[in-house]
Amino acid sequence: MNKVLIIDDEPQIRQLLARILGLEGYEVLQAGDCKAAVKQMEYSPNVVLCDVFLPDGNGVDFIKTIKKISPESEIILLTAHGNIPDGVQAIKNGAFDYITKGDDNNKIIPLISRAMEKARTNGVKNRPEKETFQQYSFNSILGQSKPLLEAIALARKVASTDVPVLLTGETGTGKEVFAQAIHHESKRNKGNFVAINCSAFSKELLESEIFGHKAGSFTGALKDKKGLFEEAHNGTIFLDEIGEMAIELQAKLLRVLETGEYIKIGETKPTSVNVRIIAATNRNLPEEINAGHFREDLFYRLSVFQIHLPPLRERPGDIRLLTEAFVQSLSEKMTHSSKTVSKAFIDMLEQQEWKGNVRELRNVIERSLIVCENDELHPEDLPIEIQNAAFKEKSCNNSGFELSAMEKRHIARVLDYTNGNKTEAAKLLKIGLTTLYRKIEEYKL
């Protein structure tokens, strides 16, 4: 999971940023000073958001320490009072960027998205070539179901060509994983793989990100900026959520596909690039075309080769394989010891609809490992909403109307409501605390 470490001595600012970033799907770590930050660096954050003035140090100088501990991490410096010398020194010390608190709040999410992609690229460059190939090859895609194997077979065939590819499917089905595999098994694998989520930026910011701009071309453009197309020259660019791109930008993207040229913001001369484009969407683009939201000519240029990735509910046989792989990789990272999985745990996972697909499954496994107190994962380690859904399914199928089943579910809900506070739960249930403990033991809650 993408991790962001927030270093700031003001708890309110940390909590606000943590909430914003959490809603964007990032895992957030926090530290109030340099000493605490060094400990949090053990969890290998991809991006560090650091205040300049800290109780035990200066953020500009602390960049060097962070880079020594984790060279692959990218650092964004935050300050209440920006000044040019600090900004210049921060960049010299290895910062990704330097922004002012308050004035640049609307830039934080897009900036972190860019820094996250840069950190990911750093990781790939610093890895041995053989290890990189193994991580991003088609062999690393887990699953044995027929729909998935058919998608992999198609992707293998198109990887050796240079045609644009359009990946379709629901959120969380692994479109970026497929894009990475296509790139790394193509003749462009020596070049960069650059990814951008088109839904994470406004039209103006997205244009600047992908095409770049000239200094002075708009307010805040203090220096020339290379676009991601330029970064991906001789490599591959992955445009995720292409259906979210503004229709004005679609015309510029079409020109790149047709001529291999584009014009940066503020320039008059075109820039030439040699880039393979892989796009992805969870939208129905033919419907978007009919609604006037997507260009038909662009659709046909992007979908020269189209691959649909199946949702997890269409490949339930892969859930055990994915779960065991996630448990192994995450448990060793989080608890430094490998954990096993009970049959009942898998059975309950296989009953779910998984609207968030593989990404949702991974998040559930990570959450379960955090609360698990044994060497084996059991149903009670799963989020309460999954347990309740399983009880509901069982109730509809057979003996779920038994009083004991209903009582177990109700107690579980109340415990969830009180965040595990048994004294408060007993009061709400209007039973004695001893009785509640007996029920918890009886129902294995």
Linear extension gain, S202 paired with E385, 0.36 nm per residue minus alpha-carbon span: 62.5 nm
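Just to make sure I understand: if all protein chains stay in place, what is the order of D8, D416, D33 by accessible area at 1.4 Å, largest first? Write out the running numbers ahead of the final one.
Values: D8 0, D416 80, D33 45 Å².
Descending order: D416, D33, D8.
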Candidate lysines for bridging to K427, where Cα separation is under 27 Å - those fewer than 8 sequence places away on the same chain excluded: K392, K408, K439, K444
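Can you flag which of K64/K333; K3/K422; K355/K430; K64/K101; K187/K214; K107/K252 are past 27 Å Cα-Cα? Provide the component values of the computation, followed by the final result.
Values: K64/K333 25 Å; K3/K422 33 Å; K355/K430 37 Å; K64/K101 22 Å; K187/K214 32 Å; K107/K252 23 Å.
Beyond 27 Å: K3/K422; K355/K430; K187/K214.
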The stretch 285-336, accessible area per residue, ligands and nucleic acids excluded (1.4 Å, Å²): 54 Å²
Between helix 357-371 and the chain: long-axis angle, C-alpha atoms, 0 to 90°, nearest 10: 50 degrees
Residue of N46, N290, N274 that the Gaussian network model of the chain assigns the largest fluctuation, springs spanning Cα pairs under 10 Å: N290
For the chain, alpha-carbon Rg relative to the globular expectation (2.2 N^0.38 Å, N residues): 1.10
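With the Cα gyration tensor of the stretch 1-43 in hand, give its eigenvalues times 5 under a square root as the equivalent ellipsoid semi-axes, listed largest first in whole angstrom.
Values: eigenvalues 57, 38, 3 Å².
One finds semi-axes of 17, 14, 4 Å for the stretch 1-43.
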Solvent-accessible area, 1.4 Å probe, carbon plus sulfur percent, for the chain: 50 percent
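Determine by what factor the alpha-carbon radius of gyration of the stretch 248-375 differs from 2.2 N^0.38 Å, reporting the quotient. The partial results should precede the final answer.
Values: Rg = 22.0 Å, N = 128, 2.2 N^0.38 = 13.9 Å.
Computed over Cα atoms of the stretch 248-375, the ratio equals 1.58.
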For the stretch 136-275, alpha-carbon Rg over 2.2 N^0.38 Å: 1.14
Within the chain: Cβ-based charge dipole about Cα centre, in debye rounded to nearest 20 (Lys, Arg +1; Asp, Glu -1): 520 debye
Surrounding net charge for E117, when Lys and Arg each add one and Asp and Glu each subtract one, Cβ distance under 12 Å: -2
Shape category assigned to the stretch 196-321 from the gyration tensor of Cα positions, a/c cut at 1.5: prolate
C-alpha long axis of helix 108-125 to longest principal axis of the chain, angle in °: 90 degrees
K64 accessible area, assembled protein chains, probe 1.4 Å, Å²: 110 Å²
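Top to bottom by accessible area (1.4 Å), largest first, where do F299, F218, F238 land? Numbers along the way, then the final one.
Values: F299 25, F218 85, F238 0 Å².
From most exposed to least exposed: F218, F299, F238.
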Rounded to the nearest 10 Å², the accessible area of M116 at probe 1.4 Å: 10 Å²
Within a Gaussian network of the chain (alpha carbon springs, distance under 10 Å), most fluctuating of L17, L205, L429: L429
Choice from N282, N189, N93 with maximal GNM fluctuation in the chain (Cα, 10 Å cutoff): N93
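Would you rank D318, D297, D224 by solvent-accessible area, highest first, keeping every protein chain in place and using a 1.4 Å probe?
Numbers: D318 5, D297 65, D224 100 Å².
So, going from the largest accessible area down, we get D224, D297, D318.
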Label-point separation, A215 to E360 (7 Å along Cα→Cβ), nm: 4.9 nm
Cα-based helix-to-principal-axis angle, 433-443 vs the chain, degrees rounded to 10: 70 degrees
Amide N proximity, the stretch 293-313 versus I247 label position 7 Å along Cα-to-Cβ, cut-off under 20 Å: 293-303
Spin-label model distance (nm) - K190 vs T259, 7 Å beyond Cα toward Cβ: 3.0 nm
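The values are calculated or read from the model by the stated rules, or taken from the named source; none is laboratory data. The shown structure was predicted, so the numbers you read here are calculated from the model rather than taken from an experiment. Counting neighbours? That spans all protein chains shown, and the Cβs are built from the backbone with ideal geometry, glycine included. For accessibility, only protein heavy atoms count, side chains too; no ligands or nucleic acids. Shrake-Rupley method; radii C 1.70, N 1.55, O 1.52, S 1.80 Å.
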